[in-house]
Amino acid sequence: MSTISTNPVPVIPPYATMLGFTRYVSRTGPAKATFVGGLRKQRERRSGFNPHGQLVKALKADIAFRTGGSYLDGVVGLVKERWKPLYESLRGGAAAYLASLGDPEQVSLAQTRDAIATVGPLAVKLNPHFGLRHADGHREAVRLHFDEEPPSTEAVTAMLHLMARHMDQILPDAEPVLVDVRRGVTHRLGTTAPAAHVDSWLAGEAAAFTAMWAATATPAA
């Protein structure tokens, strides 16, 4: 005789990293729900791999040791064969960004901290890649964008706004910066949209994300 299981289905609360949430707001129509479903499955499996870690380490080493790009030049030879084309496509833009920082003696790394933002009903983890301290006292919290396509206007706005709102936790008195690594382009927070309007837009996006997350729950067996 069959019995009905009384084991509760694990509840996985809605959650997104800053990268996941900003990729979500860049999408439209049914692609949003498909993307959220994919994020939830990754969370359920606790899967995920960051192929860019060695490049981030090389860039930070060049800044910290003021080596002018030698670590970036050498990192392609250190990664596994399957990642070499990716690193070759990123190295030029990363070197251009490094050069844009100016005199290496005038800039150093600063310690950042991750923060959890509550956006409407959604928890979003804010995790810049590193911080910078310039000789004049100016500080920056830097997030890197590695995708083949440039970051959308929506992604840039969301990412920089969220970091700015929580900069007291990330790196006090710093400016949020998003670097498009492939193209060596730096994005900074504009003043075209009032902050309250951006807050309202993000809260609406987060509410929709949360509803899609619940809708993609794996049914109980």
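The values are calculated or read from the model by the stated rules, or taken from the named source; none is laboratory data. Bear in mind the structure is a predicted one, so any value in this text is a computation, not a measurement. Every residue, glycine among them, receives a Cβ derived from its backbone with ideal geometry; neighbour counts consider all protein chains shown. These accessible areas exclude ligands, DNA and RNA; they are computed on the full protein's heavy atoms, side chains included. Shrake-Rupley method; radii C 1.70, N 1.55, O 1.52, S 1.80 Å.
Per-structure values
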read-out: Candidates VAL177, VAL156, VAL124, filtered to the one that is touching a strand residue (DSSP E or B) at 6+ places or on another chain (Cβ under 6 Å) and closer than 24 Å to GLN106 by Cα; value: VAL177
read-out: Tally of residues being surrounded by fewer than 18 Cβ atoms within 10 Å (Cβ to Cβ), touching a helix residue (DSSP H, G or I) at 6+ places or on another chain (Cβ under 7 Å) and part of a loop (DSSP other than H, G, I, E, B) across region 130-170; value: 1
read-out: Evaluation of PRO176 against (1) open to solvent by 40 Å² or more (accessible area, probe 1.4 Å); (2) not in a helix (DSSP H, G or I) (one fails), failing number; value: (1)
read-out: Candidate set: region 179-200, residues that are within 19 Å of the chain's Cα centre (by Cα) and not in a loop (DSSP other than H, G, I, E, B); chosen: the one nearest to ASN127 (Cα to Cα); value: VAL179
read-out: Count of residues meeting criterion [outside any strand (DSSP E or B) and closer than 17 Å to HIS161 by Cβ] in region 115-129; value: 3
read-out: The lone exception for THR153 - which of (1) in contact (Cβ under 8 Å) with a residue 24 or more places away in the chain; (2) within 25 Å of LEU86 (Cα to Cα) it fails; value: (1)
read-out: Selection from region 52-108 of residues that are among the acidic types (Asp, Glu), under 25 Å from HIS187 (Cβ atoms) and open to solvent by 20 Å² or more (accessible area, probe 1.4 Å); value: GLU88, ASP103
read-out: Residue list for region 109-122, restricted to those being crowded, with 16+ Cβ neighbours inside 10 Å and of a type in the set (A, V, I, L, M); value: ALA110, ALA115, ALA117, VAL119, LEU122
